[in-house]
Structure formats: C-alpha cells, structure tokens
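Here's the structure, in structure tokens; my notes come after.
No value in this document is a laboratory result; all are computed from the given coordinates. Source: prediction; values computed, not measured. Cβ atoms come from the backbone with ideal geometry, glycine included; neighbour counts cover every protein chain shown.
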Amino acid sequence: MDKLKMHSPNLTEDNIARIRELFPGCVTEARGEDGSLKLAVDFDQLRQELSGSIVEGPQERYHLNWPGKREALLTANAPIAKTLRPVREESVDFDTTRNLFIEGDNLDALKLLQETYLGKIKLIYIDPPYNTGRDFIYDDDFSDDAETYLQQSNQVDAAGGRLVANTEANGRFHSVWLSMLYARLRLARNLLKEDGVIIISIDDNEVANLRKLCNEVFGEANFVAQIIWQKVYSPKNTADWFSEDHDYLLVYAREKALWRPQKLARTEEMEARYRNPDSDPRGPWKASDMSARNRYDAGVYSVTSPSGRQLPGPPTGRYWVIDENKFKALDADKRIWWGADGSNVPAIKKFLSEVSGGRTPQTLWFYEEVGHTQDAKKTLLKYVQFQHTENVLNSVKPVELLQRVLQLAGRPNDGDIVLDFFSGSAATAHAVLKQNAEDGGNRRYIGVQIDEPLPIPEPEMASIFQMGLKRIRNVAAELRNQADSDASDLGFRVLKIYTSNMADVYYAPDALEKGKLDLFVDNIKPDRTPEDLLFQVMLDWGVDLALPMEKKAIHGKDVYFVDGNALAACFDAHGGVDEAFVKELATHKPLRVVFRDAGFKDSAVKINVEQIFKSLSPSTEVKSI
C-alpha cells in the first residue's frame, strides 16, 4: 500500500521532469549527498541541444537581475514539511462553507496550495507592501531556516510576528522587496487557470520594477493593462513636490489569448444620452456622426436632405463611413437623422435596444466610481471597532475598487475562486461577499495573512488576521439581515499553518537503539487530531480544502467523508481496523480512501486491504499514513 508523502511538492523535481519530457537525453541519474540515486540535468548535453540559442557569460542580454534573485528562486522551489490545521472555533459554517482563511506566511501557504489548486484559481488580487521603508514585514532568509534566522536577527516580536523595516539604508532596498515578491509570484502563477488573471495594486515606488518582474514571471506578452486609480478626493497641500493622487493596478493574464475582461454595466449617464425626438417605434436612440477622417474612397458621394438641401459630399477632409448603397438602405429604413427641420448633415441613429449589454472598461478609474482611501477607512471602521487609532490600517483598499476587479475578472455564476495572499483586513473577501449578494454570484475566496500583531492589542483581536475575521463576521451578519441567509455562502473555514503532523525522526537506522523502537510505532505527533490528519491528506492528495465533509460511524469507528465519496478517511489508532470494517467501508465506493498505519488490527489486515477494495470497489485508490 502506497503512503502519502505529507509535504509540499518539490518544484525542482517537477521542472526536471518537464525538461525530461522535452529533452530525454539531457536528464540522467546522479548520486546525491546521501548516496541515493536521483534524476539530474546534464547541462552540457542541454547546451548542445540549445546551442543556437544559449546566452551566457558576459554576453549582453535584456533581463532583470538583482542580488538574491537566484536564492529566491531556490526558495520558491524547495518543498516544506508543513501542513494546514483546521480551527473550528474561529470558523463560521465550517462543514458547508467554500471560503477559506489561512493564517501564516503566504510563501508557505502558496507552497501548500500547489497540488490542490494547481490551475484552478480564476482571479488573484494582491495588495503587497509598497516598500515605503515603514510597513515591510515579509523578510525571507534564503540560506538559513527561516525561524532560526529571525531569532538570530531579532526580527520577531514576543508573539513571533515578523517586523522588518526595509529602509533605503538597508543597501538592498529594492532587492529585498523583489526577492520577497519574486518567489511568491512564481508560485502564484502555477495556481492560475489558463483563462485566469492576476491584478496587483502598487504605487510609484515599485511599479517600474514590479512590471519588469511580472514580465519575467507571467511573460511580457501576457501584460494586459496598467490601470490608474484615483485614490484621493482632494490634493495634499503639504506635499513637497506633487500631491500623489493615484496608485496603479497591474493586470496580467495567465494566457492573454484566453482571457478578456467582462463588460461593465452601463451608467445612468450613458443611458440618458439616448432619446426619441421623432417618436421612432424602435425606441430611444442617439445620433452618430456619419463622417470620419480615415480615407474611404466609397465614402465620397452627394446626398439630398428631406428639405431639398444638396450636400456635394462629406465635410472637407472627411469621408462618409458607409457607401452610397448602404446609406440609401438606412435612409429608407428611417435610420438616418437629418435634424428636426430635415436639413442637417446626416447622422446615423444608434438605438439603445441594439447596443451591446455593457461598456468596455477603461484604464483610468475615478474615485466617484470605485471609491478612495477615506472610503476604505470608513468601511473598515464600520465593521471593526478600534479602541486604539494606531491599529487602523492606512493601506486598506475600498470595497468598491475590489468589486470592480471582480466584475472584470469573470462571470458571476462560474464558481470562480478568488485568491488574495496579502489579505490584510480581508477587504477582498468583503468584496466577494458583497458582489455575490448584488449579482447573485457564487464566487469563493481564499485569504492568506501572516499573523502580524497589531501595534496595540485590542480587547477582541491581537493581530491583523483576527481583524479580518472580525470584519467578515460583521459583514456576513449584515448581509444575512438584508436577504435570505441561504442566498449565498457567508461562512469561512479557518486554517493555520503548522509543522507537519508526522513525527520527526532524528536517528539514523544504525544508531537506533532497540529500546527506542516503541517511540516510532505511531508516526503521528501526539497533539494532532483526526481532522488535522484529514486536512493534510487532502493537501497531499490535491483535494479541494473547501469541499463539504461529514463524520459517520462505521462499526464503532469514526470515518470522515469528503464531498460524499470523493475521499473517505479513518484515522483509528487503536488497532481496531479489521477486515469486516474494511469490507463495510468499501461498499460506500469512495474514490479515495486512507488509513492510519497504527490503526490496522494486524499486518494481515493491512496486506489484504487493497485486495478487498479491488474486489468490492475497484476504482478506489487506497493509501495510508
């Protein structure tokens, strides 16, 4: 019976496998430091395969480089032995909700989500630290274990939260920020659907570097737009040079050819431009100029108005946009407007009933439509009460801004997953709930936030993560009062990043004393629950962490069923799993089933499990931990 590996995927091994598919002769076997054989790339052979395209050494080429880039790439690819543990007491509608809040470093979270959500995320929106030298809290060390490094460098507070100011005196001001984001964006790209999109908020400090970075990670050909958002409603007269009135949103598609922004709803102002002065039975219309500057040889001809006015042709330097035959047909259909007295230059009537359902989005967003920073703070204060003003975030984004992002990213009822791995005060989650309530959508969200402590602990919350949970609980309560509570999913599952559930083994086989063998009879850490094990199994098997689950009793043992029969798990640790139990479980015909090694009655039962399932449920995949 195969065992689950119980750690995040090794992306270096995956990359080697891809190279092997393209160039089988360039991948060979080599001995690792422990003496075991493993696959390795023969770079000399690979150079020969690509001899006409290699760029190396001092040869000039266009690329973005900075100190720490290579280490950041290694860090992104390296596996971690961590897991996600469920926290029911902090969750809402745990068993049925499809929304997730993950507490922990987003680099770890992105690694843990690689198998489960590979190619499944429709929209990633992030509002990363703006690298102002004040609010930079992510600091990855690329040579030591992260916890060891932070302890040695005194960069954690009493609660273990990271507090690092990336000041310009650092000497690596841009490099540290680029390394931090580079590793995360590489992992994030793997999660996007082929028709997915990532949208990133940024200011003038790093927009140039971020765009180059995204060109490398997502491909310059997948750049879609650099949107300007008017973030303030009045100028700052105290500014030394210019009042900074805007931020940016960078838009990159996973595959530009496959993603298009959705049309936006038409405004009342746009609708008001359509009138019906001639009582046309086809309804309101507006006049559209029948001439243009572009040369069109068939667009030069004379016309006669209903009043008898002769026009020898279009205005000087312009051309009619339609040929004469088309003009006569439209005029006969009363689609040409000559003015109230019938003697104006002709115009084409565009009927409201024939206009497409929406408007094309523009790259300039004014605060009147999508809100400004003061709106964002007021919204946060509405749902979260603070006793200390120092705790109110300055970088929070308006919910209306994020709703616009959601409206453009996809259709309401496609069940899209929205990921924000710099979740902060959970403004993105708020926008998902509000947008779903407004258009009847079924979008889901995954929010990731490091356990960053508040400057001054509040009575009901001590961290930004807890602030976000409080905000969404209050938003959900408000929405329940406004509509049927079954109209949308207003709950969330809280998951926290921890070390692996598997016990650590520090002894080499030849150094293990017989008296210590009993320590390893059970390979699970003693403080872990069956539900902890279930979520690590779901991560390892690539099962959606938001699927509904229930616990049933079979022969007196607890069995967890995920999404009906997508996964069945029994983590009995008392040797009570016998053949009668296995046969009963097999009648449920789960797609996957997992047992705990210590749970089998004896070795004979463990050996026979796969044969029982092959007989009673041949499509079931069987594994153990």
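Neighbour counts of other C-beta atoms within 10 Å: give me His63, His555 arranged from fewest to most. If you can, show how the numbers build up before the last one.
Values: His63 10, His555 16.
Placing the least packed residue first, the sequence is His63, His555.
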Percent of all Cα-Cα pairs per 5 Å bin for segment 281-437, counting from 0 up to the last occupied bin, reads 1, 7, 12, 13, 10, 8, 6, 6, 8, 8, 8, 6, 4, 2, 1, 0
Among Ala604, Thr620, Pro590, pick out the residue whose Cα is farthest towards the positive end of the charge dipole of segment 512-624, where Lys and Arg carry +1 and Asp and Glu carry -1 on C-beta, about the Cα centre.
Ala604
For segment 268-354, convex hull volume per residue from C-alpha positions, Å³:
108
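I need to check one value: relative contact order of segment 268-354, counting alpha carbon pairs closer than 8 Å and at least 6 residues apart, in percent.
Working: 132 pairs, mean separation 31.1, N = 87.
Over segment 268-354, the number comes to 36 percent.
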As an exercise, use a Förster radius of 51 Å and the Cβ-Cβ distance of Lys326 and Glu255 to find the FRET efficiency, rounded to the nearest 0.05.
0.85
For q values of 0.13, 0.15, 0.17, 0.21 Å⁻¹, compute log₁₀ I(q)/I(0) with the Debye formula on a Cα-only model of segment 512-624, without solvent.
-0.49, -0.64, -0.81, -1.19
With +1 assigned to the C-beta of every Lys and Arg and -1 to the C-beta of every Asp and Glu, and no other charges, what is the dipole magnitude of segment 215-330 about the Cα centre in debye, to the nearest 20?
540
Suppose a student asked you for the relative contact order of segment 521-625, using Cα pairs under 8 Å spaced at least 6 residues apart; what percent would you report?
22
Ranked from fewest to most other Cβ atoms within 10 Å of their own Cβ, His372, His430 fall in the order His372, His430
In vacuo Debye scattering of segment 344-503, one point per C-alpha: log10 I(q)/I(0) at q = 0.08, 0.15, 0.19, 0.20 Å⁻¹?
-0.31, -0.88, -1.28, -1.37
Going toward the positive end of the dipole of segment 348-481, with +1 on Lys and Arg Cβ and -1 on Asp and Glu Cβ, which of Gln403, Leu454, Ile464 do you reach last?
Gln403
C-alpha center-to-center spacing [segment 381-446, segment 224-255] in angstrom
19
Provide Leu380, Leu258, Leu591, Leu181 in ascending order of the number of other Cβ atoms located within 10 Å of each residue's Cβ, fewest first.
Leu258, Leu591, Leu380, Leu181
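Magnitude of the Cβ-charge dipole of segment 431-501, K/R +1 and D/E -1, about the Cα centre, nearest 20 debye? If you can, show how the numbers build up before the last one.
Working: 9 positive and 10 negative charges, 35 e Å.
Dipole magnitude for segment 431-501 comes out near 160 debye.
Pick out, in residue order, every one of the trypsin sites (Lys or Arg not before Pro) in segment 300-340 that is DSSP loop and has at most 15 other C-beta atoms within 10 Å; say none if there are none.
On the way: sites: Arg309, Arg318, Lys326, Lys328, Lys334, Arg335; in loops: Arg309, Arg318, Lys334, Arg335.
Those satisfying the criteria are Arg309, Lys334.
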Treating only the Cβ of Lys, Arg, Asp and Glu as charged (+1, +1, -1, -1), what charge dipole size does segment 268-354 show about its Cα centre? Round to the nearest 20 debye.
180
Between Asp572 and residues 5 or more places away or on another chain, the pairs with built amide H atoms under 5 Å apart involve Arg596
Positive-end extreme of charge dipole, segment 330-407 - chosen from Leu364, Ser353, Trp338 (charges on Cβ):
Leu364
Net charge around Asn565, counting only other residues with Cβ within less than 15 Å of its Cβ (Lys, Arg = +1; Asp, Glu = -1)?
-1
Tell me the label-point distance for the pair Arg20, Glu584, using the 7 Å Cα-to-Cβ offset, in nm and rounded to one decimal.
4.3
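Pairs to check: Lys193/Lys589; Lys382/Lys434; Lys82/Lys212; Lys82/Lys525; Lys212/Lys256. Give those whose C-alpha atoms are more than 21 Å from each other in this structure. Kindly include the intermediate steps, with their values, before the conclusion.
Working: Lys193/Lys589 30 Å; Lys382/Lys434 15 Å; Lys82/Lys212 32 Å; Lys82/Lys525 13 Å; Lys212/Lys256 17 Å.
In this structure, Lys193/Lys589; Lys82/Lys212 exceed 21 Å between Cα atoms.
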Compute the whole-percent fraction of alpha carbon pairs in segment 449-502 spaced more than 16 Å apart.
56
